[in-house]
Each structure stands twice: as C-alpha cells, then as structure tokens.
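K.L.:
Okay, here's the structure, questions in a sec.
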Amino acid sequence: NNYFGGEKTISIHFNTPTSGVSTDIADIQNYIREKAEKKLEQCKTFEISLPPSITGITSESNKIEFKSLFQTPTLNELETISTNPDGSSLKLNEEQLKAVRQTGEFEVNSIHFPGQRHRWRLSNLLQSGIQSANEVLYEELSGALYMVIMYARDRIISNCFSFKATLRSWKHGVVSLIG
C-alpha cells in the first residue's frame with residue numbers, strides 16, 4: 001500500500017531494546033516491531049510546492065527588509081479621497097451638492113474598504129440642510145403649541161397676569177384719571 005501517490009517510499013526499521021525485560025514483554029515488542037515494519041513506510045523524498053513568498057524575496061534578491069514585514073497600511077484615507085493627486089481640493093459632484101442642500105452632509109466612497117462610505121457633516125453655521133431646518137421648525141412649532149395649550153387659560157382668566165386682569169387694571173386706571 002503506497003498512500004503517498006507516486007512518491008518513492010522505503011520501509012521503516014525499528015530497534016527494540018530487549019535486554020533486561022521478560023521474555024513475554026520481548027515477544028510482544030518483537031511482534032509489534034514486525035507488524036510495524038511490514039505496514040509502515042516513509043517517503044524517501046517528499047516534495048511540497050510552496051506558495052509565493054509574501055516577504056517579497058525573489059530568486060534575484062535574498063535580502064529581507066525587517067521594517068517592511070511589520071508595516072501596517074495607512075487606513076486614514078480621508079485626505080486621500082478629498083484631494084486631487086496634485087494636492088488641490090476636490091469639488092463636490094451634483095449628487096453630493098444635492099445631499100448637502102437636503103441634509104447638510106455628503107458621502108464619499110472608501111478606497112480601502114469597497115462598499116463602505118465616508119460621511120462628512122457640515123457645520124450648522126454653514127449649511128444645516130432643508131430636512132434639518134424643517135425638523136427644527138416643527139420642534140419649535142410644537143413647543144409653541146404646547147405653551148399655548150397649557151398656559152392659554154391662565155392668560156385669559158387668571159387673577160394676576162391675564163387678559164381679565166388687564167381689563168380690570170385699565171378700568172381702574174381710567175376711573176382714577178376721570179375721578
């Protein structure tokens with residue numbers, strides 16, 4: 001039985017020390033040795049095709065640069081995707097400008113991580129976007145409506161600070177001026 005598919009094999013020979021052991025143990029050792037030598041084989045040569053080196057060593061250069069083995073890539077690509085190769089800033093495209101008008105932010109595709117996007121949000125002082133402005137408007141209107149609903153009754157018929165108190169004070173002032 002050659003399990004090594006075309007590789008040349010040779011049988012294995014074992015040396016079993018039998019001195020100082022009983023004859024029963026020596027017989028068992030010899031039996032196991034004989035069976036192992038009949039069944040077990042080893043390859044005379046065993047060739048393995050290795051993948052290409054990740055260290056960059058080729059047949060021309062045998063030198064390993066230690067620094068290059070442990071360099072991590074720079075994954076901070078924000079400056080790379082925001083500038084041209086000559087260093088000038090990139091202009092936003094129509095889709096990005098539309099997103100800035102709507103939401104006050106825009107997205108740019110990542111270079112190192114396909115399918116992911118970087119999102120920039122502009123300062124509210126520069127551009128808040130139509131959606132953000134509408135949200136603020138609705139929040140302020142709901143706050144104003146809450147105040148009208150909660151405090152309107154007190155502002156109409158309360159004794160101290162209301163429309164009723166205003167009319168009473170005007171009447172008192174007019175009576176004081178006349179009389």
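The values are calculated or read from the model by the stated rules, or taken from the named source; none is laboratory data. Note that the structure is predicted; figures quoted are calculated from it, not measured. Glycine also receives a Cβ, built like all others from the backbone with ideal geometry; neighbour counts cover every protein chain displayed.
K.L.:
Does Glu60 satisfy the condition of being at negative phi and at pLDDT 70 or above?
P.N.:
no
K.L.:
Can you pull out the residues in region 90-121 that are of a type in the set (Phe, Trp, Tyr) and part of a helix (DSSP H, G or I)?
P.N.:
Of everything in region 90-121, nothing turns out to be of a type in the set (Phe, Trp, Tyr) and part of a helix (DSSP H, G or I).
K.L.:
Something else: Could you say which residue among Asn159, Asn134, Asn124 is under 26 Å from Arg101 (Cα atoms) and either among the basic types (Lys, Arg) or not in a helix (DSSP H, G or I) (or both)?
P.N.:
Answer to the check: Asn124.
K.L.:
Consider only pairs whose beta carbons are under 8 Å apart and that are at least six residues apart or on different chains; among these, list those whose first residue lies in region 42-53 and is closer than 19 Å to Ile10 by Cβ and whose second residue is assigned to a loop (DSSP other than H, G, I, E, B) and among the basic types (Lys, Arg).
P.N.:
Cys43/Lys8; Lys44/Lys8; Thr45/Lys8
K.L.:
If Glu140 satisfies every condition in (1) in contact with a helix residue (DSSP H, G or I) (Cβ under 8 Å, 6 or more places away or on another chain); (2) more than 30 Å from Glu77 (Cβ to Cβ) but one, which is the exception?
P.N.:
Looking at each condition in turn, Glu140 falls short on (1).
Let's see how each residue does on (1) at pLDDT 90 or above; (2) over 24 Å from the mean Cα position of the chain (by Cα); (3) surrounded by 14 or more Cβ atoms within 10 Å (Cβ to Cβ):
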site: Thr80; (1), (2), (3): no, no, no
site: Pro85; (1), (2), (3): no, yes, no
site: Leu97; (1), (2), (3): yes, yes, no
site: Gln102; (1), (2), (3): yes, yes, no
site: Val108; (1), (2), (3): yes, no, yes
site: His112; (1), (2), (3): no, no, no
site: Gly115; (1), (2), (3): no, no, no
site: Leu125; (1), (2), (3): no, yes, no
site: Ser132; (1), (2), (3): no, yes, yes
